[in-house]
1. Regarding region A:1-50, what are the three Cα extents along the principal axes, ordered largest first, in Å?
2. Show me you know the interface measure: the accessible area buried between A and B, both chains summed, probe 1.4 Å, in Å² to the nearest 100.
3. Given N residues in the protein assembly as shown, what is its alpha carbon radius of gyration divided by 2.2 N^0.38 Å?
4. What residues have an amide H closer than 5 Å to that of A:G68, excluding those fewer than 5 places away on the same chain, when H is modeled at 1.01 Å from N in the peptide plane?
5. A:R101's amide H: which non-local residues (gap 5+, or another chain) put their own amide H closer than 5 Å, with H modeled 1.01 Å from N in plane and none for Pro or chain starts?
6. In square angstrom, what is the accessible area per residue of the protein assembly as shown with a 1.4 angstrom probe?
7. Note down the magnitude of the dipole of region B:100-229 about its Cα centre, charges +1 on Lys and Arg C-beta and -1 on Asp and Glu C-beta and zero elsewhere, to the nearest 20 debye.
8. So what's the net charge close to A:T44: Lys and Arg +1, Asp and Glu -1, counting the other residues with Cβ under 10 Å from its Cβ?
2 protein chains.
Amino acid sequence: MVSKRLLTDYKKEVEKYLSEYLAEKESEYANISELTDLVNHDITNFTLRGGKRLRAALLYYSYKLFGGRSTKDIIRLSSYVELIQSSLLMHDDIFDNSDIRRGHDSIHKVYAKYAKSQKYPIHKHFGNVIGILAGDIACQMAYEVITTSNFDDDKKVKLIQLAANKTTDVLYGQILDFVLPYQKKYSEDDILKIDIYKTATYTYEMPIMSGAILAGITNGELKYLRDYAINAGIAFQIRDDVLGLFGDEEKLGKPATSDVKEGKRTLLILKTMQNGTPSQRQVLKRYLGRKDLTLEQFEEVRKVVKDTGSLDYSKAKSEEYVKKAQDALLKIDRQNQEEWVFLYDIVEYMIVRNI
Amino acid sequence: MVSKRLLTDYKKEVEKYLSEYLAEKESEYANISELTDLVNHDITNFTLRGGKRLRAALLYYSYKLFGGRSTKDIIRLSSYVELIQSSLLMHDDIFDNSDIRRGHDSIHKVYAKYAKSQKYPIHKHFGNVIGILAGDIACQMAYEVITTSNFDDDKKVKLIQLAANKTTDVLYGQILDFVLPYQKKYSEDDILKIDIYKTATYTYEMPIMSGAILAGITNGELKYLRDYAINAGIAFQIRDDVLGLFGDEEKLGKPATSDVKEGKRTLLILKTMQNGTPSQRQVLKRYLGRKDLTLEQFEEVRKVVKDTGSLDYSKAKSEEYVKKAQDALLKIDRQNQEEWVFLYDIVEYMIVRNI
């Protein structure tokens with residue numbers, strides 16, 4: 001698949017710039033205190049320690065698709081979406097009490113351990129506070145990257161407005177997502193809404209629209225582009241939830257049991273509750289949200305999700321949204337371009353990926 | 001004092017716009033869910049429920065001082081500093097476990113109570129998560145306000161860069177402030193550093209420099225303006241700490257015992273530890289950070305801070321920084337203007353204020 005190669009190539013490019021930028025920031029804010037030096041270094045580590053760089057790549061290829069020419073400038077600029085991502089993940093890990101991210105301690109966990117090693121009287125709260133602040137700092141960095149980029153000021157302003165609006169959407173999505181397990185009832189529409197707000201907005205829409213804005217596109221193609229982005233984002237999230245339950249632990253970068261322990265309500269879970277026999281439903285009721293979940297119990301959960309046909313249903317749904325995204329893209333008449341092929345392919349690659 | 005009247009007048013102006021803007025946002029993001037509607041409404045309430053609007057006023061008078069003419073536009077724009085303030089306070093209340101802000105429940109407390117009323121199994125964590133997200137949303141709003149203002153794009157970009165950089169400083173200041181009570185040793189310089197990073201940067205420097213940027217000032221006067229802002233900010237924070245211990249509870253908007261219960265390390269505390277007799281120091285060691293502090297014990301703390309001369313020392317220090325701020329302002333030759341008088345007076349008013 002062409003998109004896989006292009007994504008891998010782009011990952012190197014954007015990470016090269018990200019590491020330069022973060023090193024610059026580390027030295028700019030060095031020596032305020034021992035602890036701030038550590039935090040700065042961990043913002044760098046956290047941001048560079050992995051990730052597909054899908055968002056940055058989407059921004060780049062969208063820009064190129066519409067005739068954008070400043071290769072070096074767009075690579076630098078595209079790093080802003082990865083910094084927003086860092087910021088959101090740092091806070092998200094606190095919400096979910098997730099101690100592992102991308103195979104290492106999440107930021108709040110790093111500083112809970114730090115507080116313990118320093119013999120401070122509080123550990124968890126200390127970690128959470130530093131996690132919140134580190135996320136806040138990464139968000140400011142994202143805006144700074146845009147302001148110091150080499151694009152025209154009118155485009156920068158439009159981009160910042162887009163970033164602020166789309167990030168706001170994500171934050172609303174996080175509220176919806178966080179409260180869902182506590183709601184008495186929820187529907188497929190509720191889950192779809194979360195997929196759109198929490199994921200599609202900043203995984204596809206924000207980068208794709210950023211690229212288009214910077215390339216100067218203002219015409220009717222924007223509508224199709226947005227359709228593409230939203231549907232691609234929904235497909236991505238449905239697949240992400242499947243990986244959360246059936247993915248390879250090592251590639252996931254977190255324990256395979258995390259989503260079940262968190263009690264995450266996904267399409268997989270909803271469909272199992274809707275289609276399961278009373279005893280199948282009982283398995284979910286018993287184990288969802290249990291922090292002491294054993295591997296055996298986890299296997300039971302996976303079994304009922306498979307046996308009820310919910311796994312197949314989710315897979316079919318993600319394919320359906322891939323199709324919708326690709327149909328929207330077909331309305332944009334640039335099919336001879338490599339960038340167009342990237343966008344067309346990537347939505348499919350993202351639902352067959354195992355990471 | 002002319003500054004008191006001008007500040008009161010300006011408060012009305014900026015709050016009028018803030019309430020319009022927040023109502024607009026509430027309707028723009030209405031009906032995503034019941035909970036998001038509540039959160040939106042509480043962001044509005046929290047932002048409008050009080051505050052001196054010093055920061056917005058400083059932005060306005062700095063702009064006017066340097067010849068800025070768009071009165072309506074600058075009032076709207078100045079609300080961005082109040083939104084940053086909301087964002088920072090929401091997170092800060094979580095750091096400090098402060099349940100009261102401006103005489104009402106802090107955001108995280110509102111949602112801990114909400115979770116309880118809904119019979120959700122978690123309360124405190126639920127409140128903290130919504131508090132973090134509400135603060136994150138307020139921060140995005142601040143950036144959006146700048147992008148949608150009526151100034152030229154080059155000025156907006158400069159302003160956003162300033163806002164991102166200065167907010168970053170505040171976040172570092174919060175790290176310094178948060179870890180201070182756990183450090184084995186700290187000095188007057190450590191406290192001064194916190195006063196500068198955590199307070200001076202966004203209370204005076206960010207608004208004052210914003211006004212100057214928007215008015216188009218780029219010359220040497222910026223240096224004096226910055227000197228003014230930093231010194232004024234230090235004076236402000238020292239006074240704020242005095243009010244935190246000796247201020248009127250009703251006007252403070254939080255229990256008078258809060259700072260002592262939190263174990264906050266201020267200049268007052270440092271000086272008492274440095275100058276106190278062993279038994280006076282013992283009072284602080286015993287009561288600082290005690291959540292079950294009685295009013296009698298609180299009075300003991302106040303007594304040793306007074307008796308050691310630390311209260312007088314702090315007051316003298318804040319006057320010293322007021323003088324430095326005013327001296328810097330004297331180097332800017334616009335002393336016949338009302339705006340100059342506002343800036344000159346306000347630093348003094350801020351250290352005699354009782355709120």
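1. 48, 15, 7
2. Values: alone 16540 and 16540 Å², together 28030 Å².
The buried area between A and B, both sides summed, comes to about 5000 Å².
3. Working: Rg = 26.3 Å, N = 710, 2.2 N^0.38 = 26.7 Å.
The protein assembly as shown yields a ratio of 0.99.
4. none
5. Placed amide hydrogens put A:S106 under 5 Å from A:R101.
6. Values: 28030 Å² over 710 residues.
Per-residue value: 39 Å².
7. Working: 17 positive and 15 negative charges, 164 e Å.
The calculation lands at about 780 debye.
8. Numbers: positive: A:K25, A:R49; negative: A:E26, A:D42.
In short, 0.
The values are calculated or read from the model by the stated rules, or taken from the named source; none is laboratory data. Model, not experiment: these values are computed from the prediction. Neighbour counts run over all protein chains shown; Cβ positions are idealised from the backbone, glycine included. Just so you know, the surface numbers come from the protein's heavy atoms only, side chains and all, with ligands and any DNA or RNA stripped out. Shrake-Rupley method; radii C 1.70, N 1.55, O 1.52, S 1.80 Å.
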